[in-house]
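The values are calculated or read from the model by the stated rules, or taken from the named source; none is laboratory data. From a predicted model like this one, the values you see are computed outputs, not experimental measurements. So basically every Cβ, Gly included, is an ideal-geometry build from the backbone, and we count neighbours across all protein chains shown.
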Amino acid sequence: MAFSTYLADRVLNWFKGTTFAAALSNVFISIHTADPGATGGSADVTATVTGSANRTTVASSAFTAAGNASGGGREITNTGVVQITTNAANVATQTITHFGVWDAATGGNFLASGTLTTPVGVQTGDTVQFNIGAMAIRVV
């Protein structure tokens, strides 16, 4: 998972003595057809697929405690299934390759992104689902 410019700046400024942002009670998931980039704005098809500009809410408490990641570093993973339901507005198949993590349902700050292990073609009536442990937020 790649950290955003926003989050990287917050961490680096914290090292310099700047107060870190308040803890989050929720994070919000967007879906993308390509790498969202450092600001999260690229290839976001959340509204196209769901019919709403709102991102899917996941409670921050619905992630594991930080632990060792396979291949090195530290990570947290989702402890429950995360589902994103499509809407009739999704008339053409969207091939989802990435997801984004935000601090707000709309607007807000982009925090990080991840790549799906396998791209998923999403059509009307499909559900995008991240099984338990599939959404890893990793720091290397």
It is to be established whether one or more residues within region 26-49 are touching a helix residue (DSSP H, G or I) at 6+ places or on another chain (Cβ under 7 Å), buried (at least 18 other Cβ atoms within 10 Å of the Cβ) and under 18 Å from PHE3 (Cβ atoms). yes
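If I filter region 60-73 for residues that are among the polar types (S, T, N, Q) and closer than 20 Å to VAL128 by Cβ, do I get at least one hit?
At the first step, the residues of region 60-73 found to be among the polar types (S, T, N, Q) are 60-61, 64, 68, 70.
Filter once more, keeping what is closer than 20 Å to VAL128 by Cβ: none.
Checked region 60-73: no residue is among the polar types (S, T, N, Q) and closer than 20 Å to VAL128 by Cβ.
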Which strands (runs of 3 or more DSSP E) sit wholly inside region 100-140 and have at least 3 residues that are not β-branched (Val, Ile, Thr)? 110-122
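Is there a residue in region 105-117 that is in contact with a Leu (Cβ under 7 Å, 6 or more places away or on another chain), hydroxyl-bearing (Ser, Thr, Tyr) and within 17 Å of THR33 (Cα to Cα)? Let's see the steps before the verdict.
Narrowing region 105-117 to residues in contact with a Leu (Cβ under 7 Å, 6 or more places away or on another chain): 111-112.
Subset that is hydroxyl-bearing (Ser, Thr, Tyr): none.
No; the residues of region 105-117 include none that is in contact with a Leu (Cβ under 7 Å, 6 or more places away or on another chain), hydroxyl-bearing (Ser, Thr, Tyr) and within 17 Å of THR33 (Cα to Cα).
Answer yes or no: is there a residue in region 63-76 that is in contact with a Phe, Trp or Tyr (Cβ under 7 Å, 6 or more places away or on another chain), among the hydrophobic types (A, V, I, L, M, F, W, C) and touching a residue at least 40 places away in the same chain (Cβ under 8 Å). Write out each step before concluding.
Of the residues in region 63-76, the ones in contact with a Phe, Trp or Tyr (Cβ under 7 Å, 6 or more places away or on another chain) are 76.
Cutting the leftovers down to among the hydrophobic types (A, V, I, L, M, F, W, C) gives us 76.
Narrowing further to those that are touching a residue at least 40 places away in the same chain (Cβ under 8 Å): 76.
Within region 63-76 (the criterion being in contact with a Phe, Trp or Tyr (Cβ under 7 Å, 6 or more places away or on another chain), among the hydrophobic types (A, V, I, L, M, F, W, C) and touching a residue at least 40 places away in the same chain (Cβ under 8 Å)), the answer is yes, since at least one residue qualifies.
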Answer yes or no as to whether PHE20 is free of Cβ contacts under 8 Å to residues at least 24 places away in the same chain and touching a helix residue (DSSP H, G or I) at 6+ places or on another chain (Cβ under 8 Å). yes
Residues of region 125-140 being more than 14 Å from the chain's Cα centre (by Cα), under 17 Å from THR56 (Cα atoms) and at pLDDT below 90, in sequence order, are GLY125, ASP126, THR127
Selection from region 57-77 of residues that are at pLDDT below 95 and buried (at least 16 other Cβ atoms within 10 Å of the Cβ): ALA69, GLU75, ILE76, THR77
Sort out which residues of region 116-131 are loosely packed, with under 12 Cβ neighbours inside 10 Å and of a type in the set (Ser, Thr, Tyr), and write them in order of number. THR117, THR118, THR127
Among the numbered conditions (1) within 18 Å of ALA8 (Cβ to Cβ); (2) outside any strand (DSSP E or B); (3) in contact with a helix residue (DSSP H, G or I) (Cβ under 9 Å, 6 or more places away or on another chain), tell me where ALA92 comes up short. (1)
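What about SER42, is it closer than 23 Å to GLY121 by Cβ and either without any contact (Cβ under 8 Å) to a residue 24 or more places away in the chain or assigned to a helix (DSSP H, G or I) (or both)?
Values: closer than 23 Å to GLY121 by Cβ: yes; either without any contact (Cβ under 8 Å) to a residue 24 or more places away in the chain or assigned to a helix (DSSP H, G or I) (or both): yes.
Taking the combined requirement at face value, the residue satisfies it.
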